[in-house]
Amino acid sequence: MTLRRVLIAALLILAAATPAWSQSPLVAELESFATRYHEDPPRLDKLREGLAQAAKADPRVENLVALARVCFIWGDIRAADRDQKLEAYDQGREAARRAVELDPKSAAAHFWYGTNTGRWGQTKGVLRSLFLLPTVQEEIQTVLTLDPKFTAVYSLAGNVYYEVPGLLGGDLNKAEEMFKKGLELDPKFTSMRVGLAKALIKKGRIAEARRELEAVLAEKEPRNLADWTLKDSKDARTLLESIKGK
C-alpha cells in the first residue's frame, strides 16, 4: 500500500472515531446545573441568554434542545410574572420545534417541544389553549414510541391526563397509570410522585396520597435536587396541608 493510501485510510478511521462536533460548553454546563440550579438561580439568566445566542449562531440539535430545556426551567423558577412565563415557554417550544425538524428521531427534542407547549397552555389557561392539546398528545406518543424508557415523558403524560377536563380527554385513571409507570422506571423522580398524589387526592384516595407526599419529603436522594428543593418539597407540603384531617 502506498503512503498516500495509508494516510487516506488513517484519516477515514479518525473521521469515523471522532464526532463531527464537540459538545458546547454551555450545553455541558446546563447538563450539570439543571439538577442544582437551586444553588444559584440567577445563573439561569446567563445560561438562557448564552444558549439563545449559541442556538442562533449554531442551530444544531443539541443547542436547540438545551435552549428549550433552560427556557422551561427559567419560566418555572425565574419568571416574575405570567407574561414572562409565557414568553419563556414560547421561546422554548420554538427552539424544540426547530430541533424536531432537524432530527425527527430525537426523543429529547420531542419531549421539550411537548413540555414547553403544555406548560404554555397551562399558564395561558387550559380551556383557552385546547387547540394545542393534539400537539402535546402527539409529542407524548412520539417520545413513547422512540424511547419508552424516557422517564420524564410519563410525568408530562400524567399531568396532561390530570389537567384536561374529562370531556376533552382527561382521565384520572390514565393519569395514575402514567405516573406509576414513570415511578417504576425511577422511584426517585419526586415530581412524578407529587403528580401521582394529586391524582389520588382527586380520586378521593387520601391515605394513599398522603403516603406518596410523605415519601417525597423523606426522599434523601431525589433524582433532581433542584426540583425537589424549589418545587416538589414545597408542593408536597402544600398538598399535605390541604388534606390535613381528611
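The values are calculated or read from the model by the stated rules, or taken from the named source; none is laboratory data. Just so we're clear, the structure is a prediction, and the values are computed from it rather than from any experiment. Glycine also receives a Cβ, built like all others from the backbone with ideal geometry; neighbour counts cover every protein chain displayed.
Does region 32-46 hold any residues that are more than 19 Å from the chain's Cα centre (by Cα) and not in a helix (DSSP H, G or I), and which are they?
Once the filter is applied, which keeps residues that are more than 19 Å from the chain's Cα centre (by Cα) and not in a helix (DSSP H, G or I), region 32-46 yields ASP40, PRO42.
Which residue pairs have Cβ atoms under 6 Å apart, sit 6 or more places apart or on different chains, and have a first residue in region 124-138 that is assigned by TED's automatic domain parsing to the domain that holds ALA88 and a second that is of a type in the set (D, E, K, R) and surrounded by fewer than 17 Cβ atoms within 10 Å (Cβ to Cβ)?
Taking only residues 6 or more apart or on different chains, the pairs are VAL126/GLU163.
Within region 200-210, can one find any residue that is β-branched (Val, Ile, Thr), surrounded by 19 or more Cβ atoms within 10 Å (Cβ to Cβ) and within 19 Å of the chain's Cα centre (by Cα)?
No, that holds for no residue.
Taking only region 197-241 into account, find how many residues are small (Gly, Ala, Ser), touching a helix residue (DSSP H, G or I) at 6+ places or on another chain (Cβ under 8 Å) and free of Cβ contacts under 8 Å to residues at least 40 places away in the same chain.
So the answer is 2.
With the structure loaded, tell me whether THR123 is of a type in the set (S, T, N, Q), within 17 Å of the chain's Cα centre (by Cα) and farther than 27 Å from ASP147 by Cα or whether it fails that test.
It is true that THR123 is of a type in the set (S, T, N, Q), within 17 Å of the chain's Cα centre (by Cα) and farther than 27 Å from ASP147 by Cα.
For region 141-177, enumerate the residues that are closer than 21 Å to PHE131 by Cα, outside any helix (DSSP H, G or I) and under 19 Å from the mean Cα position of the chain (by Cα).
VAL164, the sole residue that qualifies.
Suppose we filter GLU62, GLU29, GLU49 for residues that are farther than 22 Å from LEU230 by Cβ, assigned to a helix (DSSP H, G or I) and at pLDDT 95 or above; which single one remains?
Going through GLU62, GLU29, GLU49 in turn, the sole match is GLU62.
Could you list, in sequence order, all residues of region 145-169 that are free of Cβ contacts under 8 Å to residues at least 24 places away in the same chain and farther than 17 Å from THR117 by Cα?
Once the filter is applied, which keeps residues that are free of Cβ contacts under 8 Å to residues at least 24 places away in the same chain and farther than 17 Å from THR117 by Cα, region 145-169 yields THR145, PRO148, GLY166, LEU167.
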